[in-house]
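Written below as structure tokens is the structure these notes are about.
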Amino acid sequence: MIDIGDLLIRGGTFDDLQGNTPVEIYKDLCSKMPLPENVDRENVYAGLCSRELIMSTAVGRGIALPHCRGTILKNNDDQQITVCYLKNPIDMNAPDGRKVSVMFVLLTSNSQTHLEVLSRLVQLFKEEKFRELLNRHASAEELAEVAKH
């Protein structure tokens with residue numbers, strides 16, 4: 001089973017990401033996020049942008065789950081979830097109509113892990129304690145602590 005807490009700590013959190021569109025936010029994020037040495041930032045940026053063109057990654061409750069269509073990572077130990085708190089919420093055509101204020105950017109090494117991570121995150125989003133942490137822009141460590149229970 002994937003440890004969401006470890007993935008959150010590995011990816012970290014970023015506060016006040018700048019941008020008025022997903023593309024602008026991904027550009028800001030990709031210049032900052034921790035990536036393994038063998039992963040090209042431009043490939044991650046292009047992957048996030050091309051996936052967003054297909055269909056919005058907004059899932060509701062002010063949350064989006066950006067990810068690349070194909071696998072960017074080769075090594076399971078490099079997998080991560082980067083949490084991005086946006087400076088200004090943006091409209092991403094969420095099913096509930098709410099603007100996105102937080103993104104969980106998923107970088108996984110295979111589709112099975114990707115689906116498992118998505119499923120676990122959706123469960124966490126239902127937990128009031130986890131949502132409260134998101135509202136106050138909690139650190140990766142704080143989010144990881146709740147994710148481990």
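The values are calculated or read from the model by the stated rules, or taken from the named source; none is laboratory data. For clarity, every value in this text was computed on a predicted model and none was experimentally measured. Quick reminder, even Gly has a Cβ in these numbers, built from the backbone with ideal geometry, and neighbours come from all protein chains shown. Protein only, heavy atoms only, side chains kept; ligands, DNA and RNA dropped before computing areas. Shrake-Rupley method; radii C 1.70, N 1.55, O 1.52, S 1.80 Å.
Grab the Cα-Cα distance for Asn76 and Lys129, subtract it from 0.36 nm times how many residues apart they are, and report the gain in nm with one decimal.
Numbers: separation 53, 0.36 × 53 = 19.08 nm, distance 2.87 nm.
The Asn76-Lys129 span can extend by a further 16.2 nm.
Go through Val23, Val117 and list them by solvent-accessible area, largest first, probe radius 1.4 Å. Write down the numbers at each step before the final one.
Numbers: Val23 70, Val117 0 Å².
Output order, biggest surface exposure first: Val23, Val117.
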All-pairs alpha carbon distance profile, the stretch 93-149, 5 Å steps from 0, percent: 4, 15, 24, 27, 19, 10, 1
message: How high is the relative contact order of the chain? Use alpha-carbon pairs under 8 Å, at least six apart in sequence, and give a whole percent.
response: 31
task: Please work out how much accessible surface Cys30 shows to a 1.4 Å probe, ignoring ligands, DNA and RNA, in Å² rounded to 10.
output: 10
statement: Comparing Val102, Val39, Val83 in a Gaussian network model of the chain (Cα, 10 Å), the one with the largest mean-square fluctuation is Val39
- prompt: Nearest 20 debye, what's the magnitude of the dipole of the stretch 29-149 about its Cα centre given +1 on Lys and Arg Cβ and -1 on Asp and Glu Cβ?
  reply: 320
- request: Place a label point 7 angstrom from the Cα of Ser111 along the Cα-to-Cβ direction, then list the residues of the stretch 58-73 whose backbone nitrogen is under 11 Å away.
  value: 70-71
task: Just grab the label-to-label distance for Arg69 and His137, each label 7 Å out from Cα along the Cβ direction, in nm (one decimal).
output: 3.4
query: Which order do Ile9, Ile25, Ile2, Ile54 take when ranked by solvent-accessible area (1.4 Å probe, heavy atoms of all protein chains), largest first?
result: Ile54, Ile9, Ile2, Ile25
- prompt: What are the principal axis extents of the Cα atoms in the chain, in Å, biggest first?
  reply: 36, 34, 24
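Remind me, relative contact order of the stretch 1-80 in percent, using alpha carbon pairs under 8 angstrom and six or more residues apart? Can you show the working numbers first?
Working: 65 pairs, mean separation 23.9, N = 80.
That works out to 30 percent.
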